[in-house]
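Notes follow the structure.
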Amino acid sequence: MSNVISKEDETQLHLHLSRSIEEGIIQRDEFGLNPILLSLQTARLLVDEIGLRRDAVIAVMLRPVVENDYLTFDEVEQDFGSTVSRILHGLKRIQELYLKSQVVETDHLNFVRSQGENFRNLLLSFAEDMRVILIMIADRVNLMRQIRDTTNDEGRLLISQEAAYLYAPLAHKLGLYKLKSELEDLSLKYMEHDAYYHIKEKLNATKQARDIYIENFIRPIEQKLKAAGLSFHMKGRTKSIHSIWQKMQKQKCDFEGVYDLFAIRIIIDCPVEKEKQCCWQTFAIITDMYTSNPKRMRDWLTMPKSNGYESLHITVLGPESKWVEVQIRTERMDEVAERGIAAHWRYKGVKAEGGLDEWLSGIRQMLENADDGLLCMDQFQMDLKDEEVYVFTPKGDLMRFPQGATVLDMAYYIHSKVGSACTGARINNKVVTFRQVLQSGDQVEILTSSNQKPKQEWLNIVKTSRAKAKIRLALKETQQKEAMMVKEMLERKFKNRKIEQDESLMMRTMKKLGYKEASEFYRDIANETLDISDIIEKYLELQQSEKTVTGDNPARSADEFVFEEHIASKTQQNEDVLVIDKNLKGIDFQLAHCCNPIYGDDVFGFVTAGGGIKIHRCDCPNAPEMRRRFGYRIVKAKWSGKGSSQYNITLRVIGIDDLGIVNNLTSIISKEEKLVLRSINIDSNDGLFRGNLVIMINDNTRLESLIKKLRTVKGVKQVERI
């Protein structure tokens with residue numbers, strides 16, 4: 001590897017390794033293998049199969065001495081640079097994660113099988129540098145090669161399980177298909193010894209006949225492709241033993257029942273801009289020669305797989321009426337399929353889309369634009385944002401949460417009842433409050449109490465929308481139960497004093513007592529901070545001061561009410577002042593009819609074509625278009641003065657038609673000071689009513705108060721300003 005590391009690096013490495021050996025720091029592993037020799041073999045694999053260079057090779061070689069505390073990260077950084085130190089730090093973090101997973105899950109084989117996907121994602125989130133993951137895969141491939149003759153059967157089974165359920169899928173995601181296939185085959189060899197050698201013997205027995213058939217099949221195709229002027233080479237590829245075994249399991253058949261034991265691969269040499277044209281031309285030639293099965297066609301040329309795999313697969317009926325799979329691809333596609341490092345794949349597991357997508361985009365550009373993209377990989381660092389954390393339950397299950405999630409988030413994730421009763425947690429055997437923020441790798445045990453109840457401030461503690469929704473639901477249920485009990489108690493008190501209770505009058509009583517929300521009103525009664533006697537006295541006081549509906553103004557339904565108008569003079573007192581632009585007062589202006597602004601509204605001025613200024617509400621439906629097209633004509637404006645002028649506004653009311661609905665609406669309006677009802681127009685249909693109320697009002701504060709009161713009327717579903 002003299003072309004990978006410099007003479008100076010080689011000297012330093014030799015010094016550290018030889019000293020650690022002389023001092024007895026390095027010991028053989030559980031399989032009796034020499035860690036230094038293993039590191040050399042892994043480093044060679046990294047260079048030959050993946051294409052990594054200096055930093056990764058040095059990190060792998062130093063790993064045994066760092067893990068045995070012979071060298072510190074600072075010493076590594078001083079001798080070999082920060083990148084090597086960072087890679088080693090990432091490898092150590094993942095090693096610690098392994099130890100933790102084995103502590104929380106006694107059945108480690110079951111753990112990697114059931115939690116493989118989450119565990120792979122956790123490893124990715126732990127890796128500070130993408131080369132950490134690549135080194136782990138190469139190290140596992142090398143270890144699988146070396147443990148063939150070990151007597152430690154239990155250890156070999158564990159290593160094989162992890163290779164099958166963790167490392168092989170991880171290699172597949174990174175486009176390392178050759179290593180993925182080797183991991184699968186070796187895992188099967190150690191885990192299903194008899195099945196592996198049975199398939200291997202069958203393949204050897206049928207090899208000669210298979211080779212003859214492949215040669216007869218491809219010969220006429222070669223002639224046609226050469227006649228078309230295409231530059232290519234062809235090869236027959238026997239499926240991996242693991243792939244054949246999977247088919248036998250899936251189809252529940254023996255070896256002879258698997259018909260597609262091999263595939264023909266046509267690899268075309270052409271410029272990138274002509275790739276699709278050449279592939280489809282080859283497709284046309286083959287389907288013209290042999291009958292194709294349209295149900296088994298796979299077009300990963302037009303739409304590549306999510307991991308970047310590009311190819312055109314067709315299955316045709318060849319000689320002797322045998323179905324043959326043909327794969328058509330270019331040299332570039334084949335290189336990516338065999339040795340690609342995260343080329344043209346979009347990672348699907350972790351949803352940290354910002355950082356990962358940027359990283360993947362960089363990888364793609366690097367591989368496409370560099371003369372040798374694999375050489376550049378050693379200089380490329382993964383910028384993965386820690387947007388998710390992974391934690392263990394006491395049973396060893398793995399859970400995923402967004403960064404910043406707390407113990408309370410986890411409690412509500414487990415179950416609503418667990419969340420509502422949560423008092424804290426035991427994290428890594430240390431008791432913490434439910435406010436504690438979760439960290440990747442934590443082992444978390446939720447603590448609960450039957451006396452605990454959810455509180456409003458919990459909404460500020462949790463991070464996940466799931467937990468927030470469950471807390472709101474729990475609070476709502478609690479409030480509803482309390483409100484029902486309080487309302488029943490109030491009704492009994494009123495009946496005892498022979499007072500007829502009116503809902504709208506009760507709402508006004510609540511407002512007079514200083515409550516904006518009914519939930520707060522009922523809560524204070526339940527907590528006994530508000531005396532029911534005070535409520536009844538205030539209710540009677542309001543009842544005496546208000547006029548009841550008389551025979552001259554009978555209660556009636558909205559379907560009888562067509563139109564009624566109260567004529568009132570518009571009092572314009574000009575005490576409201578608009579300050580326009582900076583400190584300009586007294587400028588002539590008009591209020592825009594499209595949004596009808598009133599005193600107190602957030603407003604802005606718009607200079608019209610004629611030079612005048614029209615005042616619009618900031619939430620005017622026309623505001624976005626005016627700002628976009630005529631931003632230079634927008635001027636600042638704000639209200640000043642006392643807010644004594646009256647303005648026309650229109651309210652739309654929608655609700656369920658009920659006897660007395662009109663009287664209840666008009667009764668509320670008539671009781672408001674400095675407010676005049678100009679007109680009311682209500683249309684009723686099938687028990688529903690929709691109406692417009694035109695009102696003269698002073699400012700938006702009074703308007704908001706009026707809208708809230710109208711919404712308390714029984715049957716009213718919606719009140720909005722138009």
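The values are calculated or read from the model by the stated rules, or taken from the named source; none is laboratory data. What you see is a predicted model, and the numbers here were worked out from it, not measured in a lab. Cβ placement follows ideal geometry from the backbone for every residue including glycine, while neighbour counts extend to all protein chains displayed. What goes into the accessible areas is simple: the full protein's heavy atoms, side chains included, and nothing from ligands, DNA or RNA. Shrake-Rupley method; radii C 1.70, N 1.55, O 1.52, S 1.80 Å.
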field: Members of the stretch 153-181 that are farther than 24 Å from Arg44 by Cβ and of a type outside the set (A, V, I, L, M)
entry: Asp153, Glu154, Gln161, Tyr165, Pro169
query: Filtering the stretch 313-331 down to residues that are crowded, with 18+ Cβ neighbours inside 10 Å and either modelled with pLDDT under 85 or touching an Asp or Glu at 6+ places or on another chain (Cβ under 6 Å) (or both), which residue is nearest to Gln277 (Cα to Cα)?
result: Thr330
- prompt: Which pairs do you get when a residue that is in a helix (DSSP H, G or I), found in the stretch 181-202, comes within reach of a residue that is of a type in the set (S, T, N, Q), reach meaning Cβ atoms under 6 angstrom, with the pair 6+ apart or on two chains?
  reply: Ser181/Ser240; Asp185/Ser240; Ser187/Ser160; Tyr190/Ser160; Met191/Ser160
task: May I ask you to list pairs of residues, at least six apart or on different chains, whose Cβ atoms are under 9 Å apart, with the first in the stretch 522-542 being touching a residue at least 12 places away in the same chain (Cβ under 8 Å) and the second being among the polar types (S, T, N, Q) and open to solvent by 40 Å² or more (accessible area, probe 1.4 Å)?
output: Tyr522/Gln479; Arg523/Gln479; Arg523/Thr529; Tyr539/Gln501
- request: Run down Lys671, Lys642, Lys709 and say which single residue is closer than 18 Å to Met507 by Cβ, among the basic types (Lys, Arg) and modelled with pLDDT under 85.
  value: Lys671
query: Scanning for something assigned to a helix (DSSP H, G or I), within 25 Å of Val336 (Cβ to Cβ), modelled with pLDDT of 90 or more and not charged (D, E, K, R), does the stretch 143-157 turn up at least one residue?
result: yes
Identity of the residue in the stretch 414-451, at pLDDT 90 or above and part of a loop (DSSP other than H, G, I, E, B), that ends up farthest from the chain's Cα centre (by Cα): Ser449
- prompt: Can we say Ile50 is modelled with pLDDT under 90, surrounded by 19 or more Cβ atoms within 10 Å (Cβ to Cβ) and either closer than 14 Å to Leu134 by Cβ or of a type in the set (A, V, I, L, M, F, W, C) (or both)?
  reply: yes
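Scan the stretch 514-568 for residues that are in a helix (DSSP H, G or I), polar (S, T, N, Q) and either at pLDDT 80 or above or open to solvent by less than 40 Å² (accessible area, probe 1.4 Å) (or both) and report the count.
Going residue by residue through the stretch 514-568, those that are in a helix (DSSP H, G or I) are 518-526, 532-545, 558-560.
If we keep only those that are polar (S, T, N, Q) as well, we get 519, 533, 543-545.
From what's left, either at pLDDT 80 or above or open to solvent by less than 40 Å² (accessible area, probe 1.4 Å) (or both): 533.
Summing the residues that are in a helix (DSSP H, G or I), polar (S, T, N, Q) and either at pLDDT 80 or above or open to solvent by less than 40 Å² (accessible area, probe 1.4 Å) (or both) in the stretch 514-568 gives 1.
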message: With the structure loaded, tell me whether Glu310 is in contact with a Pro (Cβ under 6 Å, 6 or more places away or on another chain) and either at pLDDT 80 or above or open to solvent by 10 Å² or more (accessible area, probe 1.4 Å) (or both) or whether it fails that test.
response: yes
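Return yes when Ser20 is open to solvent by less than 20 Å² (accessible area, probe 1.4 Å), farther than 17 Å from Asn142 by Cβ, modelled with pLDDT under 90 and among the hydroxyl-bearing types (Ser, Thr, Tyr) and no when it is not. Walk me through how you get there before you give the answer.
Numbers: open to solvent by less than 20 Å² (accessible area, probe 1.4 Å): yes; farther than 17 Å from Asn142 by Cβ: yes; modelled with pLDDT under 90: yes; among the hydroxyl-bearing types (Ser, Thr, Tyr): yes.
So Ser20 fits the description; yes.
Which residue out of Phe262, Phe217, Phe232 is within 21 Å of Ser321 (Cα to Cα), at pLDDT 85 or above and open to solvent by less than 70 Å² (accessible area, probe 1.4 Å)? Give the steps one after another, and end with the answer.
On the way: Phe262 fails: at pLDDT 85 or above; Phe232 fails: within 21 Å of Ser321 (Cα to Cα).
Unique residue meeting the criteria: Phe217.
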task: Could you tell me which numbered condition Asp683 fails, if it satisfies all but one of (1) part of a strand (DSSP E or B); (2) open to solvent by 30 Å² or more (accessible area, probe 1.4 Å); (3) closer than 22 Å to Gly600 by Cα; (4) of a type outside the set (Val, Ile, Thr)?
output: (3)
message: Can you pull out every residue in the stretch 55-92 that is assigned to a helix (DSSP H, G or I), modelled with pLDDT under 90 and within 30 Å of Asp153 (Cβ to Cβ)?
response: Glu67, Leu91, Lys92
- prompt: When you scan the stretch 462-481, how many residues do you find that are open to solvent by 70 Å² or more (accessible area, probe 1.4 Å) and in contact (Cβ under 8 Å) with a residue 12 or more places away in the chain?
  reply: 5
message: Checking Ser705 against (1) outside any helix (DSSP H, G or I); (2) touching a helix residue (DSSP H, G or I) at 6+ places or on another chain (Cβ under 9 Å); (3) open to solvent by 40 Å² or more (accessible area, probe 1.4 Å): exactly one of these is not met. Which one?
response: (1)
task: Check Ala168, Ala205 and return the single one that is assigned to a helix (DSSP H, G or I) and either at pLDDT 90 or above or open to solvent by 70 Å² or more (accessible area, probe 1.4 Å) (or both).
output: Ala205
field: Any chance Arg628 is more than 30 Å from Asp502 (Cβ to Cβ), at pLDDT 80 or above and not hydrophobic (A, V, I, L, M, F, W, C)
entry: yes
message: Restricting to the stretch 135-155, name every residue that is charged (D, E, K, R), surrounded by fewer than 20 Cβ atoms within 10 Å (Cβ to Cβ) and touching a residue at least 12 places away in the same chain (Cβ under 8 Å).
response: Arg145
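May I ask you to say which residue of Cys270, Cys278 is assigned to a helix (DSSP H, G or I) and more than 37 Å from the chain's Cα centre (by Cα)?
Only one candidate qualifies: Cys278.
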task: List every residue pair whose Cβ atoms sit under 6 Å apart, with the two residues 6 or more apart in sequence or on different chains, where the first one lies in the stretch 1-26 and is within 17 Å of Thr72 (Cα to Cα) and the second, anywhere, is of a type in the set (A, V, I, L, M) and assigned to a loop (DSSP other than H, G, I, E, B).
output: Ser20/Ile26
